[in-house]
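Presented below is the structure to which this report refers.
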Amino acid sequence: MGKNDVNRSNPKVEFYSGHRAEETPRAVLTGDTRLEIIEILERRRLMDTDSGLTFETFLCRLENGSQVLIRQEETGWAVEFKGAG
């Protein structure tokens with residue numbers, strides 16, 4: 001399976017961890033494929049008005065040219081593939 005033919009089931013995110021845990025996403029892991037994040041296009045902090053919790057989202061460009069939205073949730077990180085940029 002090539003970098004453009006990504007198995008999108010159950011993706012994981014690899015982060016750079018500095019003084020805070022899970023600071024900046026570095027790669028998306030899907031099955032046996034590791035796709036490096038080459039650019040963070042947008043980073044936002046969003047507040048859930050019901051719970052008062054703050055969550056981060058990252059819109060990123062991957063090395064294969066596709067874009068991915070990485071969204072923090074209460075149980076971890078969700079990954080949504082957006083297609084080619």
Q. If you take the residues of segment 17-33 that are over 12 Å from the mean Cα position of the chain (by Cα) and farther than 16 Å from Q72 by Cα, which of them is modelled with the highest pLDDT?
A. T33
Q | Meets criteria (modelled with pLDDT under 90 and among the β-branched types (V, I, T)) for T75 | A | yes
(Q) Here are the criteria: (1) aliphatic (A, V, I, L, M); (2) touching an Asp or Glu at 6+ places or on another chain (Cβ under 6 Å); (3) free of Cβ contacts under 8 Å to residues at least 12 places away in the same chain. Tell me which single one A78 does not satisfy. (A) (2)
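The values are calculated or read from the model by the stated rules, or taken from the named source; none is laboratory data. In this text, all values refer to a predicted model and were calculated from it rather than measured experimentally. Don't worry about glycine lacking a Cβ; one is built from the backbone with ideal geometry, like all the others, and counts go over all protein chains shown.
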